[in-house]
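The values are calculated or read from the model by the stated rules, or taken from the named source; none is laboratory data. From a predicted model like this one, the values you see are computed outputs, not experimental measurements. Neighbour counts are summed over all protein chains in view; Cβ atoms, including those assigned to glycine, are modelled from backbone coordinates with ideal geometry.
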Amino acid sequence: MSWPLLAVVFSAWLYVDASYRGPDWQRWLFKPITLLLLLLLALETPVLSVYGYLIIMGLVATLLGDALMLLPKSRVMYALGAFFLSHLFYTLSFATQMTISLFWPLPLTLLIIGAVLLAVIWTRLEEMRWPVVTFVAMTLLMVWLAGEQYYMRSTDFTFSILVGTSLLLLSVILWLVNHYRLKFRAADALVAACYFGGHFMVVRSMVL
């Protein structure tokens, strides 16, 4: 195991622990550090293709979104825009690796998940309705493309991006439900675990 990988795991664990019971300074410190370490891990890839560059751009957009969320006055609208760009870059990267196919149960399942999620939080969104709808739609599209690739060819690469995007979708669901509908104590830790795990699995696909 390379030292950047070990550093990512350790830093992510410190952030997840802080999200559940630790001090705020620990959360402020280790979230950007973990993402920077993931970026370093991605840059360690021996040969970078268009796929790799798009993943790196997605990580940079994620860093921007997290920076906006950490501001004293949270810029949720702008942060969602940055996260939207991150998932868009990931989606474009997956699109460079696939041919056209349609496994219809997958988009149907994702549409149901998206509809249920929006139904749960819709009345609490107010002026954030369409930004949230757009962001959720982009995330579902990202998972769909990853799932289509796994359906076409079940390899370690496609499994990695499917697990990664599924974890990112789960982090989005947990964050939106906790933020707009039902707050629960373990939410931040669960969101962080899925969030870092998702990005790590996407970055892992670069070396497969």
Practice item. Determine which single condition Gly52 fails, assuming it passes every other condition in (1) over 15 Å from the mean Cα position of the chain (by Cα); (2) more than 24 Å from Val9 (Cβ to Cβ); (3) of a type in the set (Gly, Ala, Ser). Key: (2)
Exercise for review: Could you identify the single residue in Thr109, Thr91 that is hydroxyl-bearing (Ser, Thr, Tyr) and touching a residue at least 24 places away in the same chain (Cβ under 8 Å)?
Suggested key: Thr91
Review point. Are any residues in segment 180-204 assigned to a helix (DSSP H, G or I), touching a residue at least 40 places away in the same chain (Cβ under 8 Å) and either of a type outside the set (Gly, Ala, Ser) or buried (at least 21 other Cβ atoms within 10 Å of the Cβ) (or both), and if so, which ones?
Key: Tyr180, Asp188, Val191, Ala192, Ala193, Phe196, His199, Phe200, Met201, Val202, Val203, Arg204
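Quick check, is Val47 surrounded by fewer than 17 Cβ atoms within 10 Å (Cβ to Cβ), modelled with pLDDT of 95 or more and over 19 Å from the mean Cα position of the chain (by Cα)?
For Val47, the condition - surrounded by fewer than 17 Cβ atoms within 10 Å (Cβ to Cβ), modelled with pLDDT of 95 or more and over 19 Å from the mean Cα position of the chain (by Cα) - is not met.
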**Study point:** Filter result for the condition that a residue is surrounded by 13 or more Cβ atoms within 10 Å (Cβ to Cβ), free of Cβ contacts under 8 Å to residues at least 24 places away in the same chain and not small (Gly, Ala, Ser), over Trp122, Trp104
**Key:** Trp122
Review point. Within the bounds of segment 33-40, is there any residue that is part of a helix (DSSP H, G or I) and either among the charged types (D, E, K, R) or farther than 23 Å from Ser93 by Cα (or both)?
Key: yes
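Yes/no matrix, rows are residues, columns are (1) of a type outside the set (D, E, K, R); (2) over 16 Å from His87 (Cβ atoms); (3) in a helix (DSSP H, G or I); (4) free of Cβ contacts under 8 Å to residues at least 24 places away in the same chain:
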position	(1), (2), (3), (4)
Ala137	yes, no, yes, yes
Val143	yes, no, yes, no
Gly147	yes, no, yes, no
Tyr150	yes, yes, yes, yes
Phe157	yes, yes, yes, no
Ser160	yes, yes, yes, no
Thr165	yes, no, yes, no
Leu169	yes, no, yes, no
Val172	yes, no, yes, no
**Study point:** Subset of segment 51-78 that is over 11 Å from Tyr90 (Cα atoms), hydrophobic (A, V, I, L, M, F, W, C) and assigned to a helix (DSSP H, G or I) - its residue that is modelled with the highest pLDDT
**Key:** Val60
Exercise for review: Name the single residue, out of those in segment 125-142 being of a type outside the set (S, T, N, Q) and within 26 Å of Tyr51 (Cβ to Cβ), that is surrounded by the most Cβ atoms within 10 Å (Cβ to Cβ).
Suggested key: Met142
